[in-house]
Amino acid sequence: MSAPSIAEQARRLETARAQGQAVECVADLDLAAAYRVQDEGIRLREGAGDKPVGYKMGLTSKAKMKQMGVDTPIMGRLTASMRVASGSTIRLQGLIHPRVEPEIAFLVKRDLRGRPSLEEALAACSGACAALELIDSRYRDFKFTLPAVVADNCSSCAFVLGPDVRRPGDLDLGRLPITLSVNGKTVESGLSEAIYGHPGLALAELAAMLDARGLWVEAGSVVLAGAATAAVRLEAGETRARVAGLGEVSVRATP
Ligand code: OOG
Ligand code: MG
């Protein structure tokens, strides 16, 4: 039997997402092909009326890289339908095995091209805010290889941006304490430097990864820099992230 085509793999993952049903991890995919599957998946969603609004970096923390046995981060796409307002409620039904992680998001105000320095990356942003990312791997048991998770748009499910937007130059984004709490109890805590040394370096790395493919971070993009702590299971009730200096962001989940 021949290997499934890029288009077939994208359709299979998109169906798994839409139906909330896990599938077996794909085998035999190299990283370049995996990004083509991801691109095709986004095209399918655009065909259904969705719209790209930005990017997410994944595996930017040493802990997650070590867990996966890799030394480079990965990138995925955010679309309009993935955005959830802070404080609003989402349903667990229809999701496969969602997890949530605290992040920092950048609002990019002008095109960020080439291989920028930290300062150049931050200068391209109008603001930074606290964020939550919901991830929901389409693969059974959240088990995958690096190319497989790239094909699956890096487990993206939804994202929530906090209401307090600060100019990146107004505080040291590299040293902010971060906590994640579920129903009032702190379950994870960390520091923003766990995100690739500095969340702005994750943004700079995104630009470099896109540049290697002849692309760039477009003005107007939202960029999630990557998780600052381990992800936890999304539970019914309220999940809240607090990022010192950037305020809070929360989401409620109901069965
Ligand atoms: C891959 C996505 C990782 C992050 O912030 O590191 C990610 C996964 O763990 O399923 O979003
Ligand atoms: Mg993430």
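The values are calculated or read from the model by the stated rules, or taken from the named source; none is laboratory data. Remember, predicted model here, so these are calculated numbers, not experimental data. Neighbour counts run over all protein chains shown; Cβ positions are idealised from the backbone, glycine included.
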Out of Ala208, Ala194, which single residue is within 13 Å of ligand 2 (Cβ to nearest atom), small (Gly, Ala, Ser) and at pLDDT 95 or above?
Ala194
Only strands (runs of 3 or more DSSP E) wholly contained in the range 44-97 count here; list those with 2 or more residues that are away from ligand 2 (no atom under 16 Å from the Cβ) and surrounded by fewer than 17 Cβ atoms within 10 Å (Cβ to Cβ).
89-91
The range 77-118: number of residues that are among the aliphatic types (A, V, I, L, M), away from ligand 1 (no atom under 16 Å from the Cβ) and under 24 Å from Ala244 (Cα atoms)
4
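For (1) touching an Asp or Glu at 6+ places or on another chain (Cβ under 7 Å); (2) at pLDDT below 95; (3) at negative phi, each residue gets a yes or a no:
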position: Ala7; (1), (2), (3): yes, no, yes
position: Ala10; (1), (2), (3): yes, no, yes
position: Arg17; (1), (2), (3): no, no, yes
position: Gln21; (1), (2), (3): no, no, yes
position: Asp28; (1), (2), (3): no, yes, no
position: Tyr35; (1), (2), (3): no, no, yes
position: Gln38; (1), (2), (3): no, no, yes
position: Ile42; (1), (2), (3): no, no, yes
Among strands (runs of 3 or more DSSP E) completely within the range 166-255, the ones holding 1 or more residues that are surrounded by fewer than 19 Cβ atoms within 10 Å (Cβ to Cβ) and either out of contact with any Gly (no Cβ under 9 Å at 6 or more places or on another chain) or in contact (Cβ under 8 Å) with a residue 24 or more places away in the chain (or both) are 177-182, 185-191, 237-243, 247-254
For the range 136-151, name all the residues that are away from ligand 2 (no atom under 13 Å from the Cβ), outside any helix (DSSP H, G or I) and modelled with pLDDT of 95 or more.
Arg138, Tyr139
What about Pro163, is it within 21 Å of Met75 (Cα to Cα) and either in contact (Cβ under 8 Å) with a residue 24 or more places away in the chain or part of a helix (DSSP H, G or I) (or both)?
no
